[in-house]
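Report on the structure given below.
Derivation of every value follows stated rules applied to the coordinates shown; laboratory data play no part. Nothing here was measured: the structure is a model prediction, and the numbers come from that model. Virtual Cβ from ideal backbone geometry, glycine too; neighbours counted across all protein chains shown.
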């Protein structure tokens with residue numbers, strides 16, 4: 001994927017990934033063909049700090065089917081199931097980031113209906129295979145599909161499918177989702193968050 005970034009004018013992403021399928025290219029080769037893309041902003045940060053820990057804003061969207069199941073994608077780097085989403089770019093709103101990332105990873109155009117929750121802490125601490133360390137702060141939205149056609153991008157996401165709560169608990173998935181299961185599988189409700197534990 002070619003990614004361009006213009007300061008304070010928003011995020012311009014021109015997806016040019018090849019339309020691979022598992023029949024055309026073995027998944028073991030896809031990791032070499034399609035490394036996880038970095039935005040220009042994050043690439044420049046990594047040049048300065050190397051693999052050191054960064055605190056980064058992220059966003060994702062919970063999408064339900066008629067049976068109340070949630071759409072998840074198989075992450076190409078960590079081989080776990082996650083909600084569609086990703087990094088918020090400089091000068092981009094969390095809502096724009098959520099809509100953009102969902103389209104890039106799933107081919108779906110979504111309308112956001114509310115904030116599902118905001119999460120952070122040790123559950124969102126990630127050590128990537130290349131040595132990068134990230135502590136994410138995630139703004140998670142609820143949404144509905146209004147257009148597009150479901151397809152994995154074969155860059156960040158290798159497979160897409162809807163999961164019931166029981167199926168999700170048996171599949172490898174992002175750790176933070178365990179603290180948000182009630183909210184993720186609820187199609188409406190107040191915004192969720194981790195209750196504070198800090199005291200003066």
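The stretch between residue 78 and residue 151 holds 24.3 nm of extra length on full extension. This uses 0.36 nm per residue minus the Cα-Cα distance.
For the stretch 43-118, the Cα-based Rg and Dmax, in that order, read 14.0, 47 Å.
Let a ≥ b ≥ c be the square roots of the eigenvalues of the Cα gyration tensor of the stretch 65-200; is it rounded (a/c under 1.5), or, if not, prolate (a/b larger than b/c) or oblate? Rounded, since a/c falls under 1.5. If you take the Cα centroid of the stretch 146-185 and the Cα centroid of the stretch 55-123, the two points sit 9 Å apart. With the simple model of a label 7 Å out from the Cα in the direction of the Cβ, residue 51 to residue 118 spans 3.2 nm.
What is the stretch 121-162 by shape, rounded, prolate or oblate, if you read a ≥ b ≥ c off the alpha carbon gyration tensor as root eigenvalues and call it rounded for a/c under 1.5, prolate for a/b larger than b/c, and oblate otherwise? Write out the running numbers ahead of the final one.
Details: a/c = 3.39, a/b = 1.54, b/c = 2.20.
It is oblate, given that a/c is not under 1.5 and a/b is not larger than b/c.
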